[in-house]
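The values are calculated or read from the model by the stated rules, or taken from the named source; none is laboratory data. All figures in this text were calculated on a predicted structure; none of them were measured in a lab. Glycine also receives a Cβ, built like all others from the backbone with ideal geometry; neighbour counts cover every protein chain displayed. Accessible surface is based on the protein model in full, side chains and every heavy atom, while ligands, DNA and RNA are left aside. Shrake-Rupley method; radii C 1.70, N 1.55, O 1.52, S 1.80 Å.
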Amino acid sequence: FYVLRILYLSDEYSLIGEIPAEISRLDHVDSISLRKNCLYGTLPPELGELPLKYLGLAENAFSGFIPETLFNLTSVEYVFLSFQNGNRWNCTRSRGGIVDIYYSHGDQAQGANLGLQGKILGDKISNLSSLRTISITKNQFSGTISTDISSLKQLENMYAESNKIRSSIPTEIALMENIRVLDLSQNYLTGEIPQDVGNLKRLEYFALSGNGGLSGPLPSSLFELKSLQYIYVQENSL
């Protein structure tokens, strides 16, 4: 018999509604891609029961706090949760206005409060030690960046632009030895950039612009990185 392992329903803005708890019945699925649809509501805790390696939910209209069970996805390598707060126009255009009914429920009238919340870069991020890419751009994630981020030894790409992360940059970030893209721009970061970022020998893209509260000199070690091609630090106090 056949066993479903990949669920791919992306790019058409054709799905409307919430992800049902019954998704847990797909207990052999290791890849879910529902990108560019008109899905809303909170993420069901049952997602954390699946043996996922790939979770792609970007460009929908999810809101609320991410379930703690997502940190049980110890085998997940790719997580895409970006752009949950700017999809209303696409859905309305694609679905002939029907989506307005769904986007106006509760305190989310006119899409004002769309976006996922929670301390996604907190202590429990260390559970996701298989991560290679995490993309959470343009949500409402908050909290601080945990020193346990050093556990992400396989991580190559972190896109966390335009959230509400209020933190200094922990020295331990320099232990993410495979990181190539590190984008923490448009948050509320403060303090100095650790000198140890010069240990990120594979770093190609480094973005901290628009935080406002970063201060001090740029670490001289950054300019010794042969791999570094792009650095954005404007709109700070550097």
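Some notes on this structure:
- Remark: the chain carries a charge dipole of roughly 340 debye about the Cα centre, counting +1 on each Lys and Arg Cβ and -1 on each Asp and Glu Cβ.
- For the options A58, A160, A207, a Gaussian network treatment of the chain with springs between C-alpha atoms closer than 10 Å singles out A207 as fluctuating the most.
- At full extension, E68 and F223 could sit 51.9 nm farther apart than now, given 0.36 nm per residue minus the alpha carbon distance.
- A 1.4 Å probe, protein heavy atoms only, puts the accessible area of K53 near 100 Å².
- Theoretical gain in end-to-end length, R132 to E12 [0.36 nm per residue, Cα-Cα removed]: 40.6 nm
- D_trans [Stokes-Einstein, Kirkwood Rh over alpha-carbon pairs] for the chain, 20 °C, 1.002 mPa s, µm² s⁻¹: 115 µm²/s
- Per residue, the accessible area of region 156-209 comes to 40 Å² when a 1.4 Å probe rolls over the protein heavy atoms.
- For the chain, the carbon plus sulfur part of the accessible surface works out to 48%, probe radius 1.4 Å.
- Largest accessible area first, the listed residues D148, D27 line up as D27, D148 when surface is computed with a 1.4 Å probe on the assembled protein chains.
- Counted by Cβ distance under 10 Å from L214, the other residues give a net charge of -2, where Lys and Arg count +1 and Asp and Glu count -1.
- Counting charges near E204 (Lys, Arg +1; Asp, Glu -1) among other residues having Cβ under 13 Å from its Cβ returns a value of +2.
- Note that region 128-145 has calculated 3J(HN,Hα) couplings of 8, 6, 8, 4, 10, 9, 10, 10, 10, 4, 6, 9, 10, 5, 9, x, 10, 8 Hz, one per residue in order, obtained from phi through the Karplus relation 6.51 cos²θ - 1.76 cosθ + 1.60 (θ = phi - 60°); glycine and proline are x.
- Estimated at the nearest 10 Å², the accessible area of D11 is 60 Å² with a 1.4 Å probe.
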